[in-house]
Number of protein chains: 2
Amino acid sequence: MADVARAAGVSMATTSRALNDQPGVAPATRERVLEVARQHAYVVSPAASTLSGGATRRIAVVVPHLSRWFFGEVLEGIDATLRGAGYDLMLYRVGEGADRDSFFELLPARRKVDGVLVVGIPASEAEQERLTTMGVQIVAAGGQVAPYPTVSIDDHGAGRQAVNHLVNLGHRRIAMIDAIDPNASHWPVAGRALAFTEAREERDLDPDPELFQRVPWSARHGAEAMAALLALDEPPTAVLAHSDELAIGALHTIRRAGLDTPRDISVVGIDDHPLSEELDLTTVRQDVREQGRLAARMLLDGLAGLDQAPWTVLPTRLVIRGTTGRPRQG
Amino acid sequence: MADVARAAGVSMATTSRALNDQPGVAPATRERVLEVARQHAYVVSPAASTLSGGATRRIAVVVPHLSRWFFGEVLEGIDATLRGAGYDLMLYRVGEGADRDSFFELLPARRKVDGVLVVGIPASEAEQERLTTMGVQIVAAGGQVAPYPTVSIDDHGAGRQAVNHLVNLGHRRIAMIDAIDPNASHWPVAGRALAFTEAREERDLDPDPELFQRVPWSARHGAEAMAALLALDEPPTAVLAHSDELAIGALHTIRRAGLDTPRDISVVGIDDHPLSEELDLTTVRQDVREQGRLAARMLLDGLAGLDQAPWTVLPTRLVIRGTTGRPRQG
DNA sequence: CTGTTAGCGCATTCAA
DNA sequence: TTGAATGCGCTAACAG
């Protein structure tokens, strides 16, 4: 930078200010500095900036999975917002247990990032406090309630939209295939299952406990759960799946059994996975990418000292496609 | 670090050496320094290390997409290897055009990372040169041939495995649904289509050009392409899809048309997408996560000054499931 | 509006 | 094997 300063005939301080869009530089001077910098193909060293008390202009994004559609989609949104603001994205995939602990232990102390975006897993109060006391902003995204700024959908409401759709079609013997994430000690999106159990009482559904299946998150497990449901003495007339991936597995079991949707059984999922449109799956749509965008925006706002909404809830919408219909004998 | 040095009764130089596992420190001294550092919950400032001539211990991973299964899976592999080596992962999603240019322009000059892992998109020679001259290592992963270390599958071979399977079953009127990525100027995995066109000649297949469809990468487009194929005067008896996502779309069109696989038509994909097992799709399996692991390992080796394999090709394997069989009048 | 000065925290010479 | 000194490149006070 010294070279640029000299070539522009100004001091390093002015150069720094010009390069960082800071106030207190005459427009003409600023332009001259910028021009010289361009000629020298000069770019500031982020390491030096950081060391000198500045920020890192890096954001850590913490996810429990990478190969699942939801997380990729959130990342797209986060990436777009961060890049637009000139921030870099550091990706951390942390599971539960040791590597998670070490993550929350080491990251803030090392001052590697200005903020943390936690996606899909709740950070404990201790972890949160650890971050904020180190001056690191934190925002969460994706199905959870947290004591810090959060953007998510209303999982409980989404579950209701799905169940109500089935109930309104006339179904009474409704099953749910719920998901449990083996990689998470707390399951953030219990709201979907809650909506189901509530509806069971409020809308006078068949309370048979065998109609509630809980399996790991995968199409295969969805298929197995569906097989178990079909094996019941009296199979359900409709199934609510915690996610589209589970629903897709269920659909396949139904087909293999020689049954048809929605003639023999209805299936509704939640998410609106890219393949769902093609598989004609009725589902509750959420805008995942937008959640990423918003969460990143909130984090950036916090970094800028602006007020943040404490909890933003994005709407969901029932998308009726071909896998749901009235039960057989109306 | 000064505090630690004082508390341990040694100089900063010794402290630095001890903390960085460098030679020239008496075991006893090293242990004492480490112990003091632990008590003080001290961690080195990466910014200061970098500034002082050290490396960043950061790797940039460049991908064209984030919400597609393949890229999430590669990232899982990369992340695992990088984390194990104590490196951080900076994620860059770059498309084509302006933001891509600016990426390759700015990243190396800013010395933000020690190396770059390019996934799924070929870097031009100019871009590659720009990186290496700035002292940044580069390794590629995923379906492409590049003038620098690369790990991929043999796309041509994978295509062959798929076509041969169909030919061996007795099919002669075989169609291909190829993928074109609207986000990429160069399409790296042309090998799959090449295998198809070659087999057409070598194995005496029906050369009807209408049997070759090329569509954007999505289940929906796969479905549309399949509809076009079914609308032909003489539909194919088998279809090779460039990827499982396209194949899944095709399968759905087939079902909607009241046809059955493999009775009326056979379908084979490439990838072994997580949903393929559940949908019983015959496919050619590739180990995507391993590609990520290996690519990261190669990059790390290069950084360490070790020899790198110039081009590593991972095996693929035909997985015969329920969507392929002999043609109707065998 | 601009310049001067003083660190930021570490790795690395070169001596001892 | 260890220590003292130097500089990495920049930003933030403070002065002018």
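Readers should treat all values here as calculations from the given coordinates under stated rules, not as data from a laboratory. In this text, all values refer to a predicted model and were calculated from it rather than measured experimentally. Here Cβ is always computed from backbone atoms with ideal geometry, including for glycine, and neighbour counts include all displayed protein chains.
Can you classify the stretch A:49-119 as rounded, prolate or oblate using the Cα gyration tensor, where a ≥ b ≥ c are the square roots of its eigenvalues, rounded means a/c under 1.5, and otherwise it's prolate if a/b beats b/c and oblate if not?
Note, shape of the stretch A:49-119 comes out oblate.
With label points set 7 Å from Cα along Cα→Cβ, the inter-copy distances at A:ASP204 are 7.1 nm, sorted shortest first. Computed FRET efficiency, Cβ-Cβ of B:ASN168 and A:ALA228, R0 25 Å: what is it to the nearest 0.05? Working from the Cβ atoms, E equals 0.10. The stretch B:66-107 and the stretch B:285-330 have Cα centres separated by 19 Å. Between A:ILE59, A:ILE320, A:ILE138, the residue with the greatest mean-square fluctuation in the GNM of chain A (Cα pairs under 10 Å linked by springs) is A:ILE320.
Remark: mean inter-chain Cβ contacts per residue of A:67-79 equal 5, using a 10 Å Cβ-Cβ cutoff to other protein chain atoms.
Among beta bridges from DSSP that stay inside chain A, the antiparallel ones total about 10%. Under a Gaussian network description of chain A, with springs only between Cα atoms under 10 Å, the residue in A:GLN161, A:GLN213, A:GLN22 that fluctuates furthest is A:GLN22.
Each other copy places its own label point for A:ALA309 at 5.0 nm from this one, sorted shortest first, where the point lies 7 Å along the Cα-to-beta carbon line.
Using the per-residue mean of other Cβ atoms lying within 10 Å as a proxy for protection, in what order, highest first, do the peptides A:62-73, B:126-137 fall?
Result, highest mean Cβ count within 10 Å first: A:62-73, B:126-137.
Residues within the reach of a label modelled at A:ARG328 (point 7 angstrom out along Cα to beta-carbon, backbone nitrogen below 20 Å), restricted to the stretch A:158-181, are A:166-176. Ordering B:SER243, B:SER124 by the number of other Cβ atoms within 10 Å of each residue's own Cβ, fewest first, gives B:SER124, B:SER243.
If you count, for every residue in A:36-47, the Cβ atoms of partner chains within 10 Å of its Cβ, what is the mean?
3
All other residues with a Cβ under 9 Å from the Cβ of B:ASP244 taken together, and with Lys, Arg as +1 and Asp, Glu as -1, what is their net charge? Charge balance in the 9 Å sphere: -3. Annotation: the antiparallel percentage among DSSP beta bridges lying fully within the protein assembly as shown is about 10.
Per-peptide packing, taken as the mean over residues of other Cβ atoms within 10 Å, places B:260-268, A:2-10 in the sequence B:260-268, A:2-10 from highest down. Under a Gaussian network description of chain B, with springs only between Cα atoms under 10 Å, the residue in B:VAL167, B:VAL288, B:VAL116 that fluctuates furthest is B:VAL167.
One decimal place: the segment A:LEU306-A:LEU259 gains 11.4 nm when fully extended, by the rule 0.36 nm per residue minus the C-alpha distance. Counting other Cβ atoms within 10 Å, keep those with at most 10, restrict to DSSP loop, and tell me which GluC sites (Glu not before Pro) in the stretch A:198-270 are left. Nothing satisfies the criteria. Counting, for every residue in A:272-279, the Cβ atoms of other protein chains within 10 Å of its Cβ and taking the mean gives 6. As a calculated quantity, the FRET efficiency between B:ASP21 and A:ALA13 at R0 = 41 Å, using C-beta atoms, amounts to about 0.60. Between this copy and the others, label points of B:GLY170 are 4.6 nm apart in ascending order, each placed 7 angstrom from Cα in the Cβ direction.
Could you tally the net charge around A:LEU300, taking each other residue with its Cβ under 12 Å from the Cβ of A:LEU300, Lys/Arg +1 and Asp/Glu -1? Around A:LEU300, the surrounding residues sum to +2.
Choose one of B:ILE254, B:THR283, B:TRP311: the residue whose Cα lies farthest towards the positive end of the charge dipole of chain B (beta-carbon charges +1 Lys, Arg; -1 Asp, Glu; about the Cα centre). Farthest towards the positive pole: B:TRP311. For the protein assembly as shown, the Cα gyration tensor yields ellipsoid semi-axes of 48, 33, 23 Å (square root of five times each eigenvalue, largest first, whole Å).
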